[in-house]
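Worksheet: one structure, shown below.
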There are 2 protein chains.
Amino acid sequence: MTQSMDQEMDAPQKNGNGKARPYFELLAVEPGKTAATGVVGRARAGVLHTAHGPLPTPIYAPVGTQATVKALTPRQLREVGAHLVLANTYHLYLRPGDARIAALGGLHRFMAWDGPMLTDSGGFQVFSLAGGERGKSLRTIDDDGVTFRSHIDGSTHRFTPERVVEIQENLGADIAMVLDECAPPDDYEYNVKALGRTHAWAERCKAAHSREDQVLFGIVQGGVFPDLRARSASFLFDLDFPGYAIGGLSVGESKAQMLSTLDVTTPLLPEDRPRYLMGVGTPVDLVEGVARGIDIFDCVLPTRVARNGAALTRVERLNMRNARFADDPAPIDEACGCYACQHFSRAYIRHLIVAKEILAATLLSIHNLYTMLTLIREIREAILAGQFWEYRAAFWEARK
Amino acid sequence: MTQSMDQEMDAPQKNGNGKARPYFELLAVEPGKTAATGVVGRARAGVLHTAHGPLPTPIYAPVGTQATVKALTPRQLREVGAHLVLANTYHLYLRPGDARIAALGGLHRFMAWDGPMLTDSGGFQVFSLAGGERGKSLRTIDDDGVTFRSHIDGSTHRFTPERVVEIQENLGADIAMVLDECAPPDDYEYNVKALGRTHAWAERCKAAHSREDQVLFGIVQGGVFPDLRARSASFLFDLDFPGYAIGGLSVGESKAQMLSTLDVTTPLLPEDRPRYLMGVGTPVDLVEGVARGIDIFDCVLPTRVARNGAALTRVERLNMRNARFADDPAPIDEACGCYACQHFSRAYIRHLIVAKEILAATLLSIHNLYTMLTLIREIREAILAGQFWEYRAAFWEARK
């Protein structure tokens, strides 16, 4: 079922700094919608060429909110198979500051990650600041931007589309995001209003963006409403972004709503541009997101649950604090090749958690990221081999 | 000034398990007490052969209290140059339990450290439990042993010399320690009384010890009193231990008192046995301890201060949280070859500390241990080259 893409690829263009302008190369597509798959989707494998090397897609990005993927060194990140790291603009703007990072040589150098990086726009964090002390909202939105108070010291700040682009150019990630408004997924009126701002801000971000070694992605919004998602995809398609994110999902809607939203959204996006499903997900999300044409994922899940003592496998989430592991000499996952599973027992991991040792977070983060990154690598290999739908069927079979 | 030791060395003996019985090989000694050095001491370089490989001496052991050197993987420990790791019997006895660790294959396997290890007797921690809730003591001592309450759950436990040897044989470190009583360093009467117990317990520990792939060290006590130290060293000399620790120092006495205590103690210990200065020290302690004939050191300092945001160099301790580092692109120490200094700026380390990121503890632990372990390696190389006293002079010159 593999279908080699025969389309014309842009040759890498050099910008003023001698760096290649990022561009996307699609290597294989497996169409869905057969009796066997039942999915209206296309699983894709490609390469996003960046100033910091080629990024194989589909890909899963560990999250380094404050310029560090929590509890791991960049060397450990490499060892678990990471290619792309996401950092949060909101957090880095507040601390240590984007101008400071720029003066120190940019985000890559600051955190010693020399591979591809992605920054979000900060919008999601700002719009999450709804509840402040004594019920006072920590942010107010207008058509020009959003004013908010820092969660660190309560100081007042303002993000506009232009400012958010400037911050991300200061940070210097390979992939940047437009400012969008994140609305509650099931409030139609709110989503209509928010979509107007999101689209106007997308135009302003695109106009403001100037850094040629960085690509700026548009973000499709519209909650769980197919007509709004279609309107958003169509509007952004016309703006001709080099890549498209799908935002406003995995924020409280059901899994079925998320997948059906993807079903109606990705077919409306240009085939030759990378698609990024923001803030998602789990092993199931990866398999089903790829089945619907997603190329890029990110999620804090593997590292966040690690710090709470949970280990991910493809089929389950294990609470490693559980007393049943106290004498268990087996690794977390017999089938796993990660450093943690090659060297340590469940009994040891459980001991570290109970004893409140930092190494628990490190070893579980290594294991959880390795699990996710191995899954996405295998998914990519399956697509390149024309075996994705078989791979997906086997994935679901193993969970029964 | 190098003096090759011409003494007869025991060939490695095999025990019932086919493992070599640990033995100490002295390679070079540099006598002191010249007009240039002024120190009554002998700097020694050797090898302690263990069932887990040769241990070059002098050596500095990072502390892995709860079967982990905090914030580091065993791989990172290797990378910073660690050869020997210390674990605490008191903590591991309470959690996860020595029998459990034995059932899981012993401490080396449990924590995935395949190099030489050392366990203390647990006595120091128990005797540190003086103050409990509402002034009730958490431990009571009698001539047969010590009864104490767990700092974790308040449960009651008892250590006797025989029990402490059994626990350490269960853990299976290459070097174990006798149970001793740690007295306040400047209370003569207390030290006289404690020394009686310490010596009786040393005899009982030696009689109880049976594991042939493990050496049991005696511990010299006696506070800051030369006559008591001499009495203790003489008594333990006669018991013919394969190695000797010097305990009860770095517990509140002055640096001058500590060094003068070493001056009177190490000359009374057998020349052909390794000497271990427990719980010490700083860069100065290493240089001056080696000058007085010490072979083994351990200290929590490098990793503990790391978690408080401090970086060690040979000449100073830097508070990396200080705002003056916020824009500093230089590494912690320009002269340092550690992973942290090769990849990260002071500005980044400071950011991680302020942002409460785990990676701060990891990178500073890497740096601090690398600093101490590089120092002790250079000291050893200087002794082997017959240059120790010159090295010591240069060390002090750099601190001026």
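The values are calculated or read from the model by the stated rules, or taken from the named source; none is laboratory data. The model shown is predicted, which means the values in this text are computed figures rather than measured ones. Reconstructed Cβ throughout: ideal geometry from the backbone, glycine too, with neighbour counts over all protein chains shown. These accessible areas exclude ligands, DNA and RNA; they are computed on the full protein's heavy atoms, side chains included. Shrake-Rupley method; radii C 1.70, N 1.55, O 1.52, S 1.80 Å.
In the assembled protein chains, A:Ser150 presents an accessible area of approximately 10 Å² (probe radius 1.4 Å).
Starting from the Kirkwood Rh over alpha-carbon pairs, what translational D in µm² s⁻¹ does the stretch B:228-304 have by Stokes-Einstein at 4 °C and 1.567 mPa s?
102
Dipole magnitude for chain A: about 1180 debye, using +1 per Lys or Arg Cβ and -1 per Asp or Glu Cβ, origin at the Cα centre.
Rg then Dmax, both in Å and based on the Cα atoms of the stretch A:256-388: 17.0, 53. Counting only protein heavy atoms and a probe of 1.4 Å, the accessible surface of the stretch A:276-318 is 47% carbon and sulfur.
Mind checking the stretch A:332-378 for GluC sites (Glu not before Pro) that DSSP puts in a loop (not H, G, I, E or B) and that have at most 16 other Cβ atoms within 10 Å? In loop regions of the stretch A:332-378 (DSSP not H, G, I, E or B), the sparsely surrounded GluC sites (Glu not before Pro) are A:Glu334.
Ordering B:Ala330, B:Gly243, B:Met177 by Cα displacement along the dipole of chain B toward the positive end leaves B:Ala330 in first place; charges were set at the Cβ atoms of Lys, Arg (+1) and Asp, Glu (-1). Taking every residue in A:71-81 and counting other chain Cβ atoms within 10 Å of its Cβ, the average works out to 3. Of the trypsin sites (Lys or Arg not before Pro) found in the stretch A:116-191, the ones in coil according to DSSP and having at most 10 other Cβ atoms within 10 Å of their Cβ are A:Lys136. Above 34 Å, the calculated P(r) of the protein assembly as shown contains 57 percent of its Cα-Cα pairs. Under 1.5 on a/c is rounded, so check that first for the stretch A:257-299, then, if it is not, pick prolate when a/b is larger than b/c and oblate when it is not; a ≥ b ≥ c are the square roots of the alpha carbon gyration tensor eigenvalues. It is oblate, given that a/c is not under 1.5 and a/b is not larger than b/c.
Given R0 = 45 Å, the distance between the Cβ atoms of A:Leu129 and A:Ala330 translates into a calculated FRET efficiency of 0.55.
Peptide A:60-67 shows a mean partner chain C-beta count of 2 within 10 Å per residue C-beta.
Distance between the modelled labels on B:Leu384 and A:Ala385, one decimal in nanometres: 4.9 nm (7 Å Cα→Cβ projection). For the residues of A:86-95, the average number of beta carbons from a partner chain within 10 Å of their own beta carbon is 1. Set the Cα radius of gyration of the stretch A:202-333 against 2.2 N^0.38 Å, with N its number of residues, and you get 1.30. Across the alpha-carbon atoms of chain A, the computed radius of gyration and Dmax are 20.8, 60 angstrom. Ellipticity at 222 nm from helices only: DSSP H runs of n ≥ 4 in chain A, each -39500 (n - 2.57), divided by the residue count, give -11500 deg cm²/dmol.
Chain A comes nearest to the axis taking it onto chain B at the Cβ of one residue; that residue and its distance, in whole Å, are A:Ile358, 3.
Using the Cα gyration tensor of the stretch B:94-207, with a ≥ b ≥ c the square roots of its eigenvalues, what is the shape: rounded (a/c below 1.5), prolate (a/b larger than b/c) or oblate (neither)? Oblate.
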